[in-house]
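Worksheet: one structure, shown below.
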Amino acid sequence: MSMNEPLRPSAPPPQVGPPPQVGREKQTCLSGTGVTKLFGFGRTKTLAVDHVDFNFHEGEVISIVGESGSGKTTLAKMLLGLISVTEGDIYFQGQKRDISSSRKKQEYWKNIQAIFQDPFSSYNIFSKIDDVLLDCIRMRGGQRLPKEEKVKLMTEACSFVNLKFAELTNKYPFELSGGQMQRLMIARIFLLKPKILIADEPTSMIDACSRATILDYLMKLRDEVGMTLIFITHDIGLAYYVSDTVFIMEKGKFVESGSADAVILTPQQPYTKRLLNDVPKIYEEWDLSTV
Amino acid sequence: MGKVMLEVNDLTTKYITRYNEDVYAVDHVSLQVEEGKTLGIAGESGCGKSTLALSLMGYYFPPLYYTGGEIIIDGRSISGMKPDDVRRTILGTEIAYIPQAAMNALNPTRRVINFIEDVILAHDPTENKKFIYELARASFETLGLPPEVLQKYPVELSGGMKQRTVIAVSVILRPKVLIADEPSSALDVTSQKMVIKMLKNLMETGFIKSMIFITHELPLLYNVTDDIMVMYAGQIVERASAREAVFDPLHPYSKGLMGSIIVPESGLRDVKLTAIPGAPPNLKNPPAGCRFAERCKYVRAECRYTNVALYDAGPGRAYRCILSEKVLRDCYEHERAIAA
Amino acid sequence: MRHTFRQAFSSGKFVTGFVILMGLLLLVILYPLIFRAPPLQIIAQGTFFPPGIYVSAYDSINAPTTYTLNLDGAAAKRVAAKLKDEDRVAMKEWLVVAGVPEDQIDISDAQKLLTLWAENYDPAKQVKGMTLARQRYFQRVNNAIQGLLSTEGAIIAVRQPESGALQEAGAVKQTDYVNISEVPNVRILPLGTDNFGRDVFAQLVRAIGVSLLIGIVAGLIATGIGLVLGLLAGYVGGAVDDVINFITNIFLVIPSLVLLILISFSVGQESRGAFTVAVVIGVTSWVWTTRAVRAQVISLRNRDHVNLSKLSGHSLFRIIRGDILPYIMSYVFMALILQISAAILAEANLSILGLGPRTTDVPTLGLMMQWAMIYQAHILGKWWAYFPVLISITLITFSMNLMITGLDQVFNPQLRN
Ligand SMILES: Nc1ncnc2c1ncn2[C@@H]1O[C@H](COP(=O)(O)OP(=O)(O)OP(=O)(O)O)[C@@H](O)[C@H]1O
Ligand SMILES: Nc1ncnc2c1ncn2[C@@H]1O[C@H](COP(=O)(O)OP(=O)(O)OP(=O)(O)O)[C@@H](O)[C@H]1O
Ligand SMILES: [Mg+2]
Ligand SMILES: [Mg+2]
């Protein structure tokens, strides 16, 4: 094996790629115009998200890529309705989103779910992880199911993320490793089957192999329920692998967007080019001198 | 062969859970890191990487307990030392550890300089603050961090800067071995690159002698490390040079792992990533025989009861499988042929 | 919860504080069960009897049995106890005049002094320059000393009802002893009596109990109000936060002691029981807790586990109860202990100013201090009336602060890097 011509890491069986591109013609699911978020005031003012426009279609897989502090998480929290929007409008299923009362908010939250960036702070450390999963079953109206049925559901959800429920039951979150916590957060999604999923760095602590499994099942779930998937990630490889559309975010603005192939393989903006250049690679030299 | 900075023989540690069950998260692990070298550790999440890192420091607190093995840092055995002695004389000066997600766990009400004071005072309670400040300033300058950072609160720093600060704080006492547990997994590629550059710089300037680097990001691991160790369910399943581990893995689990690497290159979208269904065995009562047997494509009947040792395969190379190197390679070749 | 407790008890400081506090509590609970006398009863005629064991003299004389004990030095001790200081000084003066070197005379050693006296004193001796009156005085001193030295017993006489004449009824020899357990009336006053003639110790025990109770009631009220307002302000935010902030700011600019004094004063002496005082202290000291809880909740409400709970459609109440409260519980517990010890001090402050609970019901540590101050126990050197009170207050606050420090160390471990 020559050093210049290393083996591809795995043989490529071409039959299964990412699922066929669906949803292009489908109706708009979530969109926004001039969405802006301003934190603080006076000298500490931060423009975290700066007049972004977007249009996410039903069943589409979207990736938002950008460096630290570019406002990805802030945008996600606005989409989730967890923080207020300073300026601009968000439309949900074609209509202006109305989450003015807590009842309307709860109604909205029935459609949208999230995986948060930091698994360590996503758990209530005072409740066992069974509660997290049982809660999801309750949300789907399954609180009256017999116990065995619930356990079966939970076991199945865990198996999608390479976890064994029997091993986790009765544990507290701090008894899990970071990756296990993160995977359990993803397991929730398999129980909830939401219309929209916003996943903020969902696989940052998961090994490559489990990541492949999980992505596989997430894509199956998308096909099954027509879920719109919004990935927020630093992992450009992942963004390229899973998404239909990629948005590149810099300092609160979308600087480039388009189909994954167009953005990643033929980047137009210098910022995108720099990001791509900084990705550690295995077939090319990774140049450390550029930072 | 360089001087061995860190040598670990048969280290075994366990968690004792609230139900008094033993979870053997590090099971008879042996490793060596030479001066000037970086050892990478990869493996399924939950396989015990962080626990191994924690155990390597020789400082155990509940629910983690030491059950056996030896840790030798630069010729000096630290197993069997009293916890207090370890804290005073080993942590920070001989070996330092940057925990997973450390940058998110910084106390937001304290300034960076306070963290440095903590580290130094834990080692030598008599140092005065002025001296510490000067020392901190000097070492921040060497590491290319602006000294103003010392007076800042963690929230005032960007992610990349925070992580580099954490590293600078950890190496302030110039430890011989640095263990970095996923130091860049929460960072964007540019910040990640800066962090890596800093770590490499630490090695070059002699701030640290050797490093252990834990990450899930295989391309990164490949670029940063000299040797790679793959762990599965508390055990080492393969050890090889970085190049061999990535391009020519032997153990079926490593093979699967390396088959899931994604890099943003054309054609990737048509590649089917290797996924290994199933979950790793319960560490409470691991199965007899090979721990990967349950999920292995090439499993044989004897795998399930033979206790598989780490099989030596050439210099610096070992793997834990009952199949011979040749058989394994044939299997992989065969599979590739079918796929193509 | 159990884990939290185990954690708390792993701290040496916490345990020390806890043990001290439990010791005090045990005393407060057990003492009244054993000694049932009401603590505020006036038993002594006169003020500030010193600490000690009080034996009825009448009953001692009439004790059923007397025992004869021949003990060495008994006479000397008796004399020493009876020889007044002024007599000793006078003796020294005469001896010096009579030519005994001054440095050989030690007036604190009664035995030696008496020997010297016996050797040198001569009533007939004329001392130059000494007035007759003075000579007489020394003769009287000598007589008194001779009387002390007498080995005669004392005669007990009874008055004849008809004639009024005394008739001998018995004698008490110097070697007669009674067993204290056979004397029917003995009272131990470990800390003597106070200005009103009440048992200080019994009072102190009761006062500790009442003060702790005031502290707990006030602490619970303050922490309760503080917690509820802090949670609402911190979690709900918006207008609710503004209103609560406005109120706390008002309370903050008026020093709480001033407020306390004003309210206590307006409540009036008559309706001011211990409970009322506790309530008054409670409703004036929640501000600090509100602020602290609010700050904690604000840092928690943006944590992702709360966000997750919101997305799961949980109600406001459930999120506060399940996702916020457990995180601040250890903190609130510390605040509660702090409030209790602060309330005990506040009560002491109020009482010293004369604004404490009305004085007829129960003693409190503050009231005891006030009484001791009014009757100038500190000037008169009657330490037992105020010093033990000070010690008790210190011990309570000290033990509580120790507990807080211990808890703080357990709950907020510094990040080890
Ligand atoms: N609650 C807040 N108050 C003030 N500023 C904030 C707040 N949250 C975020 N910011 C600021 O907004 C900007 C965008 O932050 P955001 O967390 O959205 O970035 P991000 O793209 O998610 O970064 P990362 O990749 O590190 O997660 C940052 O400059 C951050 O400091
Ligand atoms: N406090 C604990 N009590 C019991 N078991 C624990 C505890 N902490 C971790 N474990 C278990 O030990 C095993 C190893 O955990 P560890 O954190 O070392 O994994 P890891 O390899 O670092 O994973 P990751 O890549 O997700 O960080 C896991 O199976 C975990 O469930
Ligand atoms: Mg983010
Ligand atoms: Mg880990």
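The values are calculated or read from the model by the stated rules, or taken from the named source; none is laboratory data. A quick note: this is a predicted structure, and the numbers were derived from the prediction, not measured. Backbone-built Cβ (ideal geometry, glycine too); neighbour counts: all protein chains shown. Note: areas computed on protein heavy atoms with side chains; ligands, DNA, RNA excluded. Shrake-Rupley method; radii C 1.70, N 1.55, O 1.52, S 1.80 Å.
Overview of values
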| read-out | value |
| --- | --- |
| Single unsatisfied condition, A:Ala199 versus (1) away from ligand 3 (no atom under 16 Å from the Cβ); (2) outside any loop (DSSP other than H, G, I, E, B); (3) away from chain B (no Cβ under 13 Å) | (1) |
| Options C:Leu390, C:Leu345, C:Leu395: the member that is without any contact (Cβ under 8 Å) to a residue 40 or more places away in the chain, open to solvent by 60 Å² or more (accessible area, probe 1.4 Å) and assigned to a helix (DSSP H, G or I) | C:Leu390 |
| Criterion (touching a Cys at 6+ places or on another chain (Cβ under 7 Å) and more than 16 Å from ligand 3 (Cβ to nearest atom)) met by exactly one of A:Leu191, A:Leu134 | A:Leu191 |
| Residue within the range C:302-316 that is closer than 28 Å to C:Phe18 by Cβ, facing chain A (nearest Cβ under 10 Å) and not in a loop (DSSP other than H, G, I, E, B) present | no |
| Single residue of the range A:69-88 satisfying the filter (open to solvent by less than 10 Å² (accessible area, probe 1.4 Å) and outside any loop (DSSP other than H, G, I, E, B)) that is nearest to ligand 2 (Cβ to nearest atom) | A:Ala76 |
| The lone exception for B:Phe140 - which of (1) farther than 30 Å from B:Pro83 by Cβ; (2) open to solvent by 70 Å² or more (accessible area, probe 1.4 Å) it fails | (2) |
| Residue match in the range B:246-263 (condition: under 30 Å from A:Asp278 (Cα atoms), among the charged types (D, E, K, R) and away from ligand 2 (no atom under 16 Å from the Cβ)) | yes |
| Criterion: buried (at least 17 other Cβ atoms within 10 Å of the Cβ), more than 9 Å from chain C (Cβ to nearest Cβ) and within 16 Å of ligand 1 (Cβ to nearest atom) - qualifying residue of A:Gly66, A:Gly59 | A:Gly66 |
| Unique match (being touching a residue at least 12 places away in the same chain (Cβ under 8 Å) and open to solvent by 70 Å² or more (accessible area, probe 1.4 Å)) among C:Ile145, C:Ile180, C:Ile156 | C:Ile180 |
| B:Pro286, sole failed condition from (1) free of Cβ contacts under 8 Å to residues at least 60 places away in the same chain; (2) surrounded by fewer than 18 Cβ atoms within 10 Å (Cβ to Cβ); (3) not hydrophobic (A, V, I, L, M, F, W, C) | (1) |
| Any pair with Cβ under 9 angstrom, 6 or more apart, that starts in the range B:257-278 at a residue that is facing another protein chain (nearest Cβ under 7 Å) and ends at one that is modelled with pLDDT under 75 and not in a loop (DSSP other than H, G, I, E, B) | B:Ile262/B:Leu268 |
| Restricting the range B:289-310 to residues that are in contact with a Gly (Cβ under 6 Å, 6 or more places away or on another chain) and among the basic types (Lys, Arg), the residue that is least open to solvent (accessible area, probe 1.4 Å) | B:Arg295 |
| Members of the range A:239-262 found to be over 19 Å from B:Leu268 (Cα atoms), open to solvent by less than 40 Å² (accessible area, probe 1.4 Å) and within 11 Å of chain B (Cβ to nearest Cβ), listed by number | A:Met249 |
| Entirely in the range B:12-130, the strands (runs of 3 or more DSSP E) that have 2 or more residues that are hydrophobic (A, V, I, L, M, F, W, C) and at the interface with another protein chain (Cβ under 10 Å from one of its Cβ atoms) | B:22-34, B:95-98 |
| Criterion (closer than 25 Å to A:Gln27 by Cα and either at pLDDT 90 or above or more than 12 Å from chain B (Cβ to nearest Cβ) (or both)) met by exactly one of A:Leu215, A:Leu184, A:Leu229 | A:Leu229 |
| Test: residue in the range B:317-337 that is on the phi > 0 side of the Ramachandran plot, more than 14 Å from chain A (Cβ to nearest Cβ) and open to solvent by 50 Å² or more (accessible area, probe 1.4 Å) | no |
| Complete set of residues in the range C:223-243 that are surrounded by 24 or more Cβ atoms within 10 Å (Cβ to Cβ) and β-branched (Val, Ile, Thr) | C:Thr223 |
| Test: A:Leu265 is surrounded by fewer than 18 Cβ atoms within 10 Å (Cβ to Cβ) and facing chain B (nearest Cβ under 9 Å) | yes |
| Yes/no for A:Tyr108 being open to solvent by less than 40 Å² (accessible area, probe 1.4 Å), of a type in the set (Phe, Trp, Tyr) and within 16 Å of ligand 2 (Cβ to nearest atom) | no |
| Residues that are assigned to a loop (DSSP other than H, G, I, E, B) and either open to solvent by less than 60 Å² (accessible area, probe 1.4 Å) or farther than 14 Å from C:Asp87 by Cβ (or both), drawn from the range C:108-141 | C:Asp109, C:Tyr121, C:Asp122, C:Pro123, C:Ala124, C:Lys125, C:Gln126, C:Val127, C:Lys128, C:Gly129, C:Met130, C:Thr131 |
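Yes/no matrix, rows are residues, columns are (1) outside the structural domain of B:Ile172 (by TED's automatic domain parsing); (2) touching a strand residue (DSSP E or B) at 6+ places or on another chain (Cβ under 9 Å); (3) of a type in the set (Lys, Arg):
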residue	(1), (2), (3)
B:Val23	no, yes, no
B:Val29	no, yes, no
B:Glu34	no, yes, no
B:Lys49	no, yes, yes
B:Asp84	no, no, no
B:Arg87	no, no, yes
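Here's the yes/no breakdown for (1) over 30 Å from A:Tyr271 (Cα atoms); (2) within 12 Å of another protein chain (Cβ to nearest Cβ):
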{"site": "B:Val195", "(1), (2)": "no, yes"}
{"site": "B:Thr205", "(1), (2)": "yes, no"}
{"site": "B:Leu220", "(1), (2)": "no, yes"}
{"site": "B:Val230", "(1), (2)": "yes, yes"}
{"site": "B:Arg239", "(1), (2)": "yes, no"}
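Per-residue answers, yes or no, for (1) closer than 23 Å to B:Leu221 by Cβ; (2) within 16 Å of ligand 4 (Cβ to nearest atom); (3) buried (at least 21 other Cβ atoms within 10 Å of the Cβ):
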| position | (1), (2), (3) |
| --- | --- |
| B:Gly36 | yes, no, no |
| B:Gly46 | yes, yes, yes |
| B:Ser50 | yes, yes, yes |
| B:Met57 | yes, yes, yes |
| B:Leu64 | no, yes, no |
| B:Gly68 | no, no, no |
| B:Ile72 | no, no, no |
| B:Ser77 | no, no, no |
| B:Lys82 | no, no, no |
